[in-house]
2 protein chains.
Amino acid sequence: MTKPVNGFSKLTKTEKIGWLAENYLNSDKKAVNILKQYWNEDEKLQKLHDEFIENTVSNFYLPLGLAPNFLINGNYHVLPMVIEESSVVAAASKSAKFWSERGGFTATVINQKKIGQVHFLFKGDFSKLESLFKNIEPKLRESVQPITKNMEKRGGGILEIDLVDKTQELENYYQLFVKFDTRDSMGANFINSCLEKFAEVLQQEASNAENFNEQEKDLQIIMSILSNYVPECIVRAEVSCPVNELSEDKNMTGEQFAEKFIQAVKIAEIEPYRAVTHNKGVMNGIDAVVLATGNDFRAVEAGIHAYASRNGKYSSLTHAEVTHGIFRFWMEIPLALGTVGGLTSLHPLVKLALDILQRPSAEELMEITTVAGLAQNFAALRSLITTGIQQGHMKMHLMNILNQIQATELEKEEMVAYFTHHTITHSSVIEQLEKMRS
Amino acid sequence: MTKPVNGFSKLTKTEKIGWLAENYLNSDKKAVNILKQYWNEDEKLQKLHDEFIENTVSNFYLPLGLAPNFLINGNYHVLPMVIEESSVVAAASKSAKFWSERGGFTATVINQKKIGQVHFLFKGDFSKLESLFKNIEPKLRESVQPITKNMEKRGGGILEIDLVDKTQELENYYQLFVKFDTRDSMGANFINSCLEKFAEVLQQEASNAENFNEQEKDLQIIMSILSNYVPECIVRAEVSCPVNELSEDKNMTGEQFAEKFIQAVKIAEIEPYRAVTHNKGVMNGIDAVVLATGNDFRAVEAGIHAYASRNGKYSSLTHAEVTHGIFRFWMEIPLALGTVGGLTSLHPLVKLALDILQRPSAEELMEITTVAGLAQNFAALRSLITTGIQQGHMKMHLMNILNQIQATELEKEEMVAYFTHHTITHSSVIEQLEKMRS
């Protein structure tokens with residue numbers, strides 16, 4: 001390909017694939033068949049999935065797994081988890097079982113305010129801007145009535161509109177800083193629509209303000225957009241039990257386990273290199289539920305990691321302590337999820353995932369999701385401070401290699417036995433299999 | 001469900017689904033059929049996907065879309081993108097086309113060192129520990145020979161092992177800080193296996209060290225694990241063009257566009273609420289390619305967001321400037337991706353995605369992925385500072401609602417025309433459709 005293609009989006013799916021094969025796949029029919037092999041035979045269902053995004057050519061499979069035994073606020077849940085990484089669902093399930101026998105998880109939504117901003121430049125007298133803002137605030141609210149009407153019926157809407165002076169950080173820069181309650185929806189479209197309307201009204205009112213000079217009338221909107229940083233949308237999840245009930249390992253007392261576990265958490269609190277991986281483990285659990293329930297994991301990731309750095313140094317999301325013989329492990333994270341709107345009513349497996357979770361409210365889903373993150377981190381730390389993470393990983397790795405080289409079931413068994421006591425590398429596995437076959 | 005289930009992982013897939021239906025879905029056969037509807041009819045292929053993780057019950061579809069016209073370092077690419085969010089692929093394609101007509105993207109891998117740590121506690125004389133470390137360094141390297149042999153053949157391996165004193169931050173806390181070159185593989189298993197071996201040798205050597213007292217001999221390994229924070233694994237992507245070629249909008253000159261665009265970037269540089277959403281947009285592009293190529297988006301997300309906060313305040317990943325009439329927009333991010341190992345050789349669509357990208361090396365894939373992030377951010381900012389983000393979004397939103405309520409093709413056309421000039425909300429759409437149908 002040496003020049004751009006025109007009108008690609010207008011091609012039919014089959015034409016797009018034809019163009020792809022011709023230009024990037026040496027017209028290989030096998031490659032085309034791989035794409036088609038993943039189409040659903042139900043054409044209507046396939047069309048639904050094709051229309052979620054643009055230029056769709058196939059369905060990318062991610063495994064949907066189940067992690068049972070999550071006792072959360074007194075109810076048992078089975079978590080639908082969508083993730084490509086092995087060990088995550090197994091670890092979640094193990095952690096859930098362990099804590100179900102020790103009172104389970106408690107989780108609470110502490111707050112649920114979402115935030116959006118109109119970013120604008122204003123050159124002039126701040127006090128004039130301030131009094132304009134006070135005057136037009138009712139007008140701003142009124143202007144979005146067609147958008148907020150239904151949200152208000154559901155108990156949500158616009159909570160606060162503030163004018164924020166940011167000129168100390170950037171010349172002439174101000175914000176309308178708006179807080180929203182979007183109930184069970186993520187509310188992105190709702191928030192952005194309100195903000196764009198506010199921007200329009202603000203600019204108009206400024207240009208018509210009688211006491212504004214020409215420069216002041218020329219208020220410039222830069223952009224209007226929700227924030228994925230939601231530090232007023234906080235969820236807390238926690239587990240606790242007496243220290244002596246903590247260890248299932250004969251070689252370790254509960255006290256020893258607690259001590260080592262807390263050290264591992266402290267290391268993640270002070271050392272960013274470790275904190276990143278530590279929190280990545282938390283996100284393995286969170287994202288898997290976020291994906292299964294049709295929410296946006298990029299938004300969740302960005303907000304949570306920014307929160308992890310809120311004190312000036314990137315740090316652990318989870319914390320642990322022992323007081324009066326009780327071990328406690330907890331996490332507070334910002335999280336904004338929806339159970340209505342978006343993919344939740346479109347993707348049949350998302351609808352089913354919400355059914356599996358017993359049709360939770362957004363708050364309940366946020367609690368469950370936070371628990372999944374905490375459970376995951378507990379499982380990861382437990383492996384790390386006891387057997388090490390590789391024991392489990394390498395067994396999965398071995399199975400993957402064996403599948404890849406199409407070992408028979410009998411060969412698999414023999415290989416697993418052999419590699420209990422030998423180092424697993426791609427070449428050592430292939431070597432051993434060849435030996436076995438010869 | 002009032003008590004935990006035992007041995008769930010041992011059940012067959014059908015038994016798992018049976019248990020799920022009975023306990024969480026009122027034995028609803030329709031629900032079970034939804035899960036089965038997503039199975040691939042090719043049993044062998046389905047088994048392959050089932051084995052990627054544990055307790056798999058179905059395949060979660062994410063759309064695989066194509067974004068053509070990415071001119072990167074002089075070559076045209078079409079990017080396979082896996083993402084559930086509408087507008088992302090369209091935005092990427094638009095951005096790619098725009099820049100293909102202005103010299104395209106340049107991208108470079110600046111560095112490619114990966115990091116792992118053995119975290120341990122040592123109570124005693126640091127100088128003794130230091131000299132032990134110096135003595136045993138060759139032994140450490142030798143101990144991992146079975147693991148590193150093949151990596152070394154490919155030109156990679158262990159680069160440096162350092163002993164780091166962290167006791168100022170946490171009592172008795174030290175690290176082996178190890179740098180690796182893992183070539184085209186992500187190398188997680190390789191790194192973790194090496195680290196666990198190092199930990200074993202270190203502990204053994206300490207307990208046998210003749211000049212160590214009892215406390216010193218009792219060196220305690222807390223954990224051994226790679227870091228997903230890779231600030232020595234940096235990729236840079238950039239676009240530039242004369243300012244006057246920048247605007248495609250009749251109502252805006254290139255200079256006006258550049259000025260507003262740079263303001264929008266500056267806001268994201270100083271304001272964390274905006275930076276989070278700004279960077280989330282970058283990640284829309286990055287994750288879509290990361291997923292399509294079988295890499296681990298949680299690792300990528302964690303590393304990049306931590307990097308965004310490295311100066312003490314969470315900030316924009318991208319930057320923009322005009323110098324001597326040239327507009328420049330760029331990004332540097334830490335990124336560690338693999339093109340061999342893991343899912344890359346197992347998932348047929350991942351293999352195909354890599355074929356579509358012309359079998360890139362890990363470095364090339366890192367360049368392409370970084371470009372996808374930069375392109376996405378450009379598209380998002382361009383929308384935000386010109387038409388606003390809702391115009392495009394709401395059209396997609398409208399189509400989603402229309403699909404959901406099963407509007408006919410003719411109805412869709414009429415509704416799109418009507419809602420060009422009316423506010424789109426879920427209820428206004430349904431109301432209008434009902435009016436139209438009555």
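When every Cα-Cα distance of region B:41-80 is counted in 10 angstrom steps from zero, the calculated P(r) takes the values 23, 30, 21, 23, 3 percent.
When chain A is described by a simple charge dipole with +1 on each Lys and Arg Cβ and -1 on each Asp and Glu Cβ, the residue from A:Tyr229, A:Ile158, A:Gly7 located farthest towards its positive end is A:Gly7. Once backbone amide H atoms are built at 1.01 Å from N, B:Val235 has B:Ile110, B:Ile333, B:Leu335 as its partners under 5 Å, excluding neighbours fewer than 5 places away on the same chain. Rounded to the nearest Hz, the phi-derived 3J(HN,Hα) couplings of region B:95-109 under the Karplus curve 6.51 cos²θ - 1.76 cosθ + 1.60 (θ = phi - 60°) are 5, 4, 4, 3, 7, 5, 8, 10, x, x, 9, 10, 8, 9, 8, where x marks glycine and proline. At a probe radius of 1.4 angstrom, the accessible area of region B:72-184 per residue rounds to 41 square angstrom.
Heavy-atom accessible area per residue, region A:8-50, 1.4 Å probe: how many Å²? Display every interim value, and only then the final one.
On the way: 2650 Å² over 43 residues.
Per residue, region A:8-50 has an accessible area of 62 Å².
Of the residues B:His421, B:Ile115, B:Thr148, the one whose Cα sits farthest towards the positive end of the charge dipole of the protein assembly as shown is B:His421 (charges of +1 on Lys and Arg Cβ, -1 on Asp and Glu Cβ, taken about the Cα centre). Summarise the long-distance tail of P(r) for region B:8-50 by giving the % of C-alpha pairs beyond 11 Å. Across region B:8-50, Cα pairs with separations above 11 Å total 68 percent. State the answer as a single residue: which of B:Thr167, B:Phe257, B:Gln404 lies farthest towards the positive end of the charge dipole of chain B, with beta carbon charges of +1 for Lys and Arg and -1 for Asp and Glu, about the Cα centre. Result: B:Gln404. In this structure, the amide hydrogen of B:Ser58, modeled 1.01 Å from its nitrogen in the peptide plane, lies closer than 5 angstrom to those of A:Leu64, counting only residues at least 5 positions away or on a different chain. Between the amide H of B:Ser227 and those of B:Ile115, B:Gly116, B:Gln117, distances stay under 5 Å, these residues lying 5 or more places away or on another chain, with hydrogens modeled in the peptide plane. Any chance you could check the Cα centroid distance between region A:158-206 and region B:160-221 for me, in angstrom? Computed from Cα coordinates, the inter-centre distance equals 51 Å.
In nm, to one decimal, how far is the modelled label at B:Asp162 from the one at A:Thr108, with both set 7 Å along Cα→Cβ? My value for the distance between the label points is 4.4 nm. Build a GNM of chain B with springs between Cα atoms under 10 Å apart, and of B:Ala268, B:Ala67, B:Ala21 the one that fluctuates most is B:Ala21. Tell me whether region A:74-171 comes out rounded, prolate or oblate; compute the Cα gyration tensor, take square roots of the eigenvalues as a ≥ b ≥ c, and use a/c under 1.5 as the rounded threshold. Note, shape of region A:74-171 comes out prolate. Computed over region A:306-438, the P(r) tail beyond 22 angstrom holds 63 percent of alpha carbon pairs. Sequence-ordered 3J(HN,Hα) estimates for region B:116-122 from the Karplus curve with 6.51, -1.76 and 1.60 and θ = phi - 60° stand at x, 9, 9, 9, 8, 10, 9 Hz, glycine and proline given as x. For region A:168-277, the convex hull drawn through the C-alpha positions has a volume of 203 cubic angstrom per residue. Going by alpha carbons, how many degrees (0 to 90, nearest 10) lie between the helix axis of B:297-308 and the longest principal axis of chain B? Its long axis makes an angle of about 80 degrees. Taking the accessible area of chain A, probe 1.4 Å, and keeping the other protein chains in place, the carbon and sulfur fraction comes to 47%.
For chain B, rounded, prolate or oblate, judged on the Cα gyration tensor with a ≥ b ≥ c (square roots of eigenvalues), a/c < 1.5 rounded, else prolate if a/b > b/c? Oblate. Other residues whose C-beta falls under 11 angstrom from the C-beta of B:Thr425 contribute a net charge of 0, scoring Lys and Arg +1 and Asp and Glu -1. What does the charge count near A:Gly338 come to, summing +1 for each Lys or Arg and -1 for each Asp or Glu among other residues with Cβ under 10 Å from its Cβ? Result for the neighbourhood of A:Gly338: -1. The local environment of B:Lys29, defined by Cβ-Cβ distances under 12 Å, has a net charge of 0 under the rule Lys, Arg +1 and Asp, Glu -1.
Comparing each chain alone with all protein chains together (probe 1.4 Å, DNA, RNA and ligands left out), the residues of region A:81-95 losing at least 40 Å² of accessible area are A:Glu84. Taking max minus min of the alpha-carbon positions on each principal axis, the protein assembly as shown gives extents of 87, 60, 59 Å, largest first.
A compact globular protein would have a Cα radius of gyration near 2.2 N^0.38 Å; the ratio found for region A:393-437 is 0.96.
The phi-based Karplus calculation (6.51 cos²θ - 1.76 cosθ + 1.60; θ = phi - 60°) puts the 3J(HN,Hα) values of region A:237-250 at 10, 8, 10, 7, 6, x, 3, 6, 9, 8, 9, 10, 9, 4 Hz, whole numbers, x for Gly and Pro. A straight Cα-to-Cα reach below 18 Å connects B:Lys3 with the lysines A:Lys94, A:Lys97, B:Lys16, residues fewer than 8 places away in its own chain not being considered. The trypsin sites (Lys or Arg not before Pro) of region A:171-276 meeting both criteria, a DSSP state outside H, G, I, E and B (loop) and at most 14 other C-beta atoms within 10 angstrom of the site's C-beta, are A:Lys250. A compact globular protein would have a Cα radius of gyration near 2.2 N^0.38 Å; the ratio found for region B:114-227 is 1.06. Summing Cβ point charges (Lys, Arg +1; Asp, Glu -1) relative to the Cα centre of region A:1-117 gives a dipole of roughly 280 debye. Rounded to the nearest 100 Å², what is the sum over both chains of accessible area buried where B meets A, with a probe of 1.4 Å? Buried area (both sides, nearest 100 Å²): 12900 Å². Would you please give the FRET efficiency between B:Lys217 and B:Glu411, computed as 1/(1 + (r/R0)^6) with r the Cβ-Cβ distance and R0 = 60 Å, to the nearest 0.05? Efficiency, rounded to the nearest 0.05: 0.15.
Computed from Cα positions, the angle between helix B:254-270 and the longest principal axis of chain B comes to roughly 40 degrees.
The values are calculated or read from the model by the stated rules, or taken from the named source; none is laboratory data. Note that the structure is a prediction, hence the values are computed from the model and not measured. A quick note on method: Cβ atoms are made from the backbone with ideal geometry, for glycine too, and the neighbour counts reach across all protein chains shown. Note: areas computed on protein heavy atoms with side chains; ligands, DNA, RNA excluded. Shrake-Rupley method; radii C 1.70, N 1.55, O 1.52, S 1.80 Å.
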